[in-house]
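Worksheet: the structure to be examined is printed underneath.
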Amino acid sequence: MEALADLEKVQTRILQRVTNLELSLLHGHLSNSPSLSPASEDASSAVATATEARLSAILRSNGVNDFIFKRVSSDYYDWTFDARRDVLGAASIHHLCKSIVLVNTQAPSNVTDCSDRNYSKYYVVVVQYTARFSAEAVKNFLYALNNGQIAKKKFNMRLAPEETSVKLTGYEHNAVTCIGMKTDIPVILDEAIVKLNPDFFWLGGGEVDLKLGARTTEFIKFVKPFIVNCSST
């Protein structure tokens, strides 16, 4: 057991060094951009955390190799979408996405967890910040997914309370990501994200000031989300 623990520590240190190198390379690229402020530059040079190392290990072990973490300023959510795009080096403001936890408030009393991904109590939806999310579209999708065998009134998707989201995912508000969650919650990826060009989008990275950019195709192969048209512009 001690040998295994020592091996895990070595692996974690290696992953942290790799992630630090990735952050360093990204910082070198972004520092040439005139849109970056000194505060943003300081944030991008932050050392890798345990969260980055853990999520990096999960991603790599599941075939996601084209990804990067980016540390942002504490006032990131006060910025315009254009400013967020610039500091992350995103292709457009439409490549900025978020993960939200939904709860089916009308699920019967025997449906309390996520053991049945077709009729789960909870779902995580990844959607663009620039899009208008439609809970009704998710409801209709799940109803069809179950071949109409569950009454439509037994679907009512609403934003889960923050304390529920934290308990299920292990991530606080503005830090939620569908990678490495405490609970294996089924994921729904908005179809609009799949259509983005280039196929590399940004989402939460497990900490409020940490963002994760990932290759969409690799993300889909790993997460195996339901791909649903659940938003409008």
### Query
Just one of ILE193, ILE188 is closer than 30 Å to ARG71 by Cα and in a strand (DSSP E or B); which is it?
ILE188
### Task
Select, from VAL127, VAL101, VAL138, the only residue that is β-branched (Val, Ile, Thr), open to solvent by less than 70 Å² (accessible area, probe 1.4 Å) and touching an Asp or Glu at 6+ places or on another chain (Cβ under 6 Å).
VAL127
### Query
Right, GLN149: free of Cβ contacts under 8 Å to residues at least 40 places away in the same chain, out of contact with any Ser or Thr (no Cβ under 8 Å at 6 or more places or on another chain) and not charged (D, E, K, R) or not?
yes
### Query
If you go through the stretch 177-184 one residue at a time, do you hit one that is in a strand (DSSP E or B), closer than 24 Å to ASP113 by Cα, open to solvent by 30 Å² or more (accessible area, probe 1.4 Å) and not hydrophobic (A, V, I, L, M, F, W, C)?
no
#### Entry: Counted residues, the stretch 78-95 - those being under 18 Å from HIS173 (Cα atoms) and either touching a helix residue (DSSP H, G or I) at 6+ places or on another chain (Cβ under 6 Å) or surrounded by fewer than 15 Cβ atoms within 10 Å (Cβ to Cβ) (or both)
1
### Task
Quick one: which residue in ASP199, ASP209 is in contact (Cβ under 8 Å) with a residue 40 or more places away in the chain, surrounded by fewer than 20 Cβ atoms within 10 Å (Cβ to Cβ), among the charged types (D, E, K, R) and in contact with a Ser or Thr (Cβ under 9 Å, 6 or more places away or on another chain)?
ASP209
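The values are calculated or read from the model by the stated rules, or taken from the named source; none is laboratory data. These numbers were taken from a predicted model, which means no experiment stands behind them. No Cβ is skipped: glycine too gets one built from the backbone with ideal geometry, and neighbour counts run over all protein chains shown. Ligands, DNA and RNA are excluded from the accessible area calculation, which covers all protein heavy atoms including side chains. Shrake-Rupley method; radii C 1.70, N 1.55, O 1.52, S 1.80 Å.
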